[in-house]
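Below you'll find the structure, written out as structure tokens, and then a few comments.
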Amino acid sequence: MKNLTGAQIRRMWLDFFSSKGHMIEKGASLVPHNDPTLLWINSGVAALKKYFDGTEKPKSTRIVNAQKSIRTNDIENVGYTARHHTFFEMLGNFSIGDYFRKEAITWAWELLTSNKWFDFPIDKLYITVHPSDDESKKMWVSMGLPENHLVECEHNFWEIGEGPCGPNSEIFFDRGEEYDSQKIGIKLLAEDMENDRYIEIWNIVFSQYNSKEGLKREEYPELPQKNIDTGAGLERIACVMQEVETNFDTDLFMPIIREVETMTSKKYLSENKKYYRVIADHIRTCTFALADGALFSNEGRGYVLRRVLRRAVRYGKKLNIEGAFLYKLVPVVVKIMEDYYEYLNEKIDYIEKLIKIEEEKFEKTLSLGEQMLMDYLKVNINNKIINGETAFKLYDTYGFPYELTVEIAEEKGFKVDKQGFAKEMQKQKERARSAQVIAQSMNSQSKDLLEFDLKTSFDYNPTPILAKVIAIFKDGVKMAELEGEGIIVFDHTTFYAESGGQVYDTGILRASYGDIDVFNVQKAPRKQTLHYVNTNGINVKIGDEFELIVDIERRAKITRNHSAVHLLQKALQIVLGKHIEQAGSYVDDVRLRFDFTHFEKMSTKQIEEVELLVNKAIDKSYVADIKYMTLEDAKKTGAMALFSEKYEDIVRVVNFGGYSIELCGGCHVKNTGDIGVFVIDFEESISSGVRRIQATTGINAYHLMKNREQILASITNKLGALSYHEALDRFSSQMGQINDLKSQIEILKSKIALSSIDDMISNSKEQNGIKIIIEELENYDKEMMSKIVDLIKSKVDNYFVYLINKTEDKVSLLACSSKKAIEKGYNSGQIIKDTVKIIGGGGGGRPDMAQAGGKDSSKIGELVVYLNNYLNSF
């Protein structure tokens, strides 16, 4: 068996299948593109779903890839086992309706056992198969596998919902009895027992059936297109070939671990190993996820990423590493992976910056968690138990390690409700599972559309042309004629099918006997243009000829908006930075939307700068130079491309005077001057780390500006100004007067508050050595209420203050407790929580200060009575 580096294994895998006629498919971005069913790309086949379900036809039916993947469903196991990871690479070879079982098994055996390739010893290989899969059993034995190395397992059948499914063969490597202390042997495989002896290195799925609800497995129909789907873990193969104990001891992780060793006196030995492994795994996840456009946040994949980083930071503390340190490991990760992932190098600074900011933010959060724990211990001094809900809140909200909570609790003579914590943890897992977007099974295939292979052509020029009907479909079934709604395919068309964020064309099909409306245009699996029509009572047959008339005015508006998107992306990169990447776009005849990666809201000045840059580019009337060239030549021009898109070898490059150069298959203006004018409507956040700009061009931009002008005219009129310029002066003058009046009001309020403080104190009652001050106020703001509390605190040492402020539409509550009052049980947070329900509201806070609000002011009297009775029980 050869001893290969991770990079060499990856390269040998790709080279081997390339020699068998496979196209090397570039790995997809970890952030799924046009697939809302996935949070992350989590397997080799995940990015190829569109090929397997027939949605899209690949340019090669044989594909090989190395796909980076993220899975966090069992993150708690990472670092504690030999092979669990949140980030890993899945090597795969795939057949989409091409070769099947014979070739898949023959080539797998050759790659594994030939001395030209991996050169695994045959006596170390074991293979599990489904009991019904007789063909695979015979094939493996014919390859040279000893029969006693073939194990039947009922679970060897791949199936997720309706759609393609089939039996699978799993290939294992036997690492020997040193990893089987109880000498259990082959039973470990037969009974699917967790073990470190037999390592699964490859899974081959023979996708040959179409799963249907209500049918028994043996009744599933055969697929019209049989497929091969395989997955082999790079880290696992490296562990076996480098003959090391765990995946973490391979060259894919050890440089990171060695770098961490320079940051602490605790070495990579015994108990410390799991801490190092967590850090090494999680920094790989963060580096790749951020490089692929994800960002830290409190929702979705950003929340997952934040938890991964925080877990790594916590384990860094177990190694006595203080302060931000993970960001320093980014160059090490890049160095290990740059052989295949060259794009990482240009993003090092960006990734380091984001990780360092997040680490520093977490340090502050940890401090807040520690303060919250100390406050809890003070209030519950007599209870001596930290309940599970509080321990979990510290862990989940503040990232405060459970072990640290236990440690501090024991120091203070407290115990932690471990079962309660575990219960809350389980609730969170159930919430995550129910909220998680489950990857849908691959759609059932439409046989007729899949097999439709007649060629059609598309012309970007929307001038009417004569075209012949070559195919008709209704509900995915091929027909000879059509009346009503259905799909028509022509030998040639000028109708643009929706793609690349550009909306489809509409128009009519004209014949001497009438017109047919085209209301949608999409692409078939093999890229032919599908015209969705309603024949309006006309009977359409194969061979009929129609004049294809695109709605040219609508198309012109669409092209203006599409070209403006290109100029907008360039302007954003100039103003905000090179980290700007497209996260989605949509253009139609009314507006354009552009989604992009950015970690903060744009300022008004930045929006103005972007808008100005786009209009300057329009004013320069850059000619659209559109050329077809190889992908490599396009990259040399500096053309921008979507990282997650797959491109043909020959691509279409749209170049506006060298200002904006992009790969694009959409419709564009002849020169930027045709756009007319560009106006940004708004900029907003659509998800964490992703911003959206909506804008418009041409006549729609004019209407947007006229609408703003009308609003400004209305404001000018209300201010009694004679011009827009005078309106600004009038507005500034009135704002000055308003601010002066506000200042005077605040002064008067302060005087009133000061004059009433002594009365509040003298009218209060004393209970348990604490001054109990309950006051009803009217139309005070939060600042004044806080000022009243501060004044009371300056005059009274031991106090509990409860202020009830009524305004026109709500009631505000503010409670404050001195240190001694808290010790006596006057916990402001708890008291507020228990009393605010009277006025139909909610709120809370710390033991020393809390606030709340409600809407039912008619219950204030009832609240005061309830509060007094409540306090009398102390």
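The label-point distance for GLU451 and LEU712, in a model that sets each label 7 Å from Cα toward Cβ, rounds to 6.5 nm. Placing a label point 7 Å from the Cα of ASN872 along the Cα-to-Cβ direction, the residues of region 742-770 with a backbone N closer than 18 Å are 764-770.
Simple point charges give the picture: +1 on the Cβ of Lys and Arg, -1 on the Cβ of Asp and Glu, and for region 155-281 a dipole about the Cα centre of about 260 debye. For the peptides 738-747, 49-58, the ranking by packing is 49-58, 738-747, with the highest mean count of neighbouring Cβ atoms within 10 Å listed first. Computed from backbone phi with θ = phi - 60° and the Karplus coefficients 6.51, -1.76 and 1.60, the 3J(HN,Hα) list for region 649-662 is 5, 9, 10, 9, 10, 9, 10, 9, x, x, 6, 10, 10, 9 Hz; x is used for glycine and proline. Computed about the Cα centre, the dipole magnitude for the chain is approximately 1880 debye when only Lys and Arg (+1) and Asp and Glu (-1) carry charge, each at its Cβ. Ranked by solvent-accessible area (1.4 Å probe, protein heavy atoms only, all chains present), the residues THR637, THR672 order from largest to smallest as THR637, THR672. Cross-link pairs exceeding 30 Å between alpha carbons, from the set LYS335/LYS578; LYS57/LYS353; LYS527/LYS620; LYS226/LYS523; LYS50/LYS274: LYS57/LYS353; LYS527/LYS620; LYS50/LYS274. The simple spin-label model puts a point 7 Å past each Cα toward its Cβ; for SER733 and ASN763 those points are separated by 4.4 nm. Overall, the accessible surface of the chain at a probe of 1.4 angstrom is composed of carbon and sulfur to the extent of 48 percent. For GLU159, the solvent-accessible surface computed with a 1.4 Å probe is close to 60 Å², ligands and nucleic acids excluded.
By the Stokes-Einstein formula, at 0.692 mPa s and 37 °C, the chain with its Kirkwood radius over alpha-carbon pairs has D equal to 100 µm²/s. For the peptides 570-577, 266-273, residues were scored by their other Cβ atoms within 10 Å and the scores averaged per peptide; the highest-first order is 570-577, 266-273.
Amide H to amide H distances under 5 Å link HIS85 with no residue, where only residues 5 or more positions off or on other chains count and H is placed in the peptide plane. Annotation: for a label point projected 7 angstrom from Cα along Cα→Cβ of ASN3, residues of region 223-255 with backbone N closer than 20 Å are 235-255. Distance from the C-alpha centroid of region 669-719 to that of region 30-108: 42 Å, rounded to the whole angstrom.
Each of SER714, LEU704, GLN734 was scored by the projection of its Cα onto the charge dipole of region 695-742, and the greatest displacement toward the positive side belongs to LEU704; charges sit on the C-beta of Lys, Arg, Asp and Glu. For region 507-590, just say rounded, prolate or oblate: build the C-alpha gyration tensor, square-root its eigenvalues into a ≥ b ≥ c, call rounded for a/c under 1.5, and beyond that prolate if a/b exceeds b/c, oblate if not. Prolate, because a/c is 1.5 or more and a/b exceeds b/c. Working ranking of peptides 92-98, 419-425 by packing, defined as the average number of other Cβ atoms within 10 Å per residue, highest first, is 92-98, 419-425. 3J(HN,Hα) couplings calculated from phi for region 127-133 with the Karplus curve 6.51 cos²θ - 1.76 cosθ + 1.60 (θ = phi - 60°) are, in sequence order, 9, 9, 9, 6, x, 7, 8 Hz; Gly and Pro show x. Have a look at LEU454, VAL477, THR493 and report the one farthest towards the positive end of the charge dipole of region 444-499, computed about the Cα centre with Cβ charges (Lys/Arg +1, Asp/Glu -1). Highest projection toward the positive end goes to LEU454. Roughly speaking, what is the centre-to-centre gap between region 282-302 and region 210-245 when only Cα atoms are used, to the nearest Å? Each part reduced to its Cα centre gives a spacing of 28 Å.
The H on the amide N of TYR780, modeled in the peptide plane, is under 5 Å from the matching H of LYS806, each at least 5 residues off or on a different chain.
Considering only PHE52, ILE96, HIS725, the residue lying farthest towards the positive end of the dipole of the chain is HIS725, judged by Cα position with unit charges set on Cβ. Where a ≥ b ≥ c are the square roots of the eigenvalues of the C-alpha gyration tensor, would you call region 583-708 rounded, which needs a/c under 1.5, or, failing that, prolate if a/b is larger than b/c, or oblate? Note, shape of region 583-708 comes out oblate.
A cut-off of 5 Å between modelled amide H atoms, ignoring neighbours fewer than 5 places along the same chain, links PHE157 with ASN168.
Surface analysis of region 801-874 yields an accessible area of 47 Å² per residue, using protein heavy atoms and a 1.4 Å probe. Accessible-area rank, largest first, for HIS668, HIS33, HIS703: HIS703, HIS33, HIS668, with all protein chains present and a 1.4 angstrom probe. The overall shape of region 741-847, judged from the alpha-carbon gyration tensor, is oblate: a/c is not under 1.5, and a/b is no greater than b/c.
For the chain, adding -39500 (n - 2.57) for each run of n ≥ 4 DSSP H residues and dividing by the number of residues yields -12000 deg cm²/dmol at 222 nm. Of all DSSP-defined beta bridges confined to the chain, some 85% are antiparallel rather than parallel. Accessible area per residue (1.4 Å probe, heavy atoms of protein chains only) ranks TRP107, TRP202 as TRP107, TRP202, with the largest value leading. The calculated FRET efficiency for the pair ASP834 and MET374, based on their C-beta separation and a Förster distance of 25 Å, comes to about 0.65. Rolling a 1.4 Å probe across all protein chains gives ASP249 an accessible area of roughly 30 Å².
Each semi-axis of the equivalent ellipsoid for region 791-867 is √(5λ) with λ an eigenvalue of the Cα gyration tensor; in descending order they amount to 22, 13, 10 Å. Heavy-atom accessible surface of TYR513, to the nearest 10 Å², is about 120 Å², with a 1.4 Å probe and all protein chains retained. Residue-wise HN-Hα couplings along region 832-841, as the Karplus relation 6.51 cos²θ - 1.76 cosθ + 1.60 with θ = phi - 60° gives them from phi, are 4, 4, 7, 9, 5, 4, 4, 9, x, x Hz; Gly and Pro carry x.
The values are calculated or read from the model by the stated rules, or taken from the named source; none is laboratory data. Keep in mind that this is a model prediction, so the values were computed, not measured. In this analysis, Cβ positions are derived from the backbone assuming ideal geometry, glycine residues included, and neighbour counts consider all displayed protein chains. Areas reflect the complete protein model, heavy atoms only, side chains present, ligands, DNA and RNA absent. Shrake-Rupley method; radii C 1.70, N 1.55, O 1.52, S 1.80 Å.
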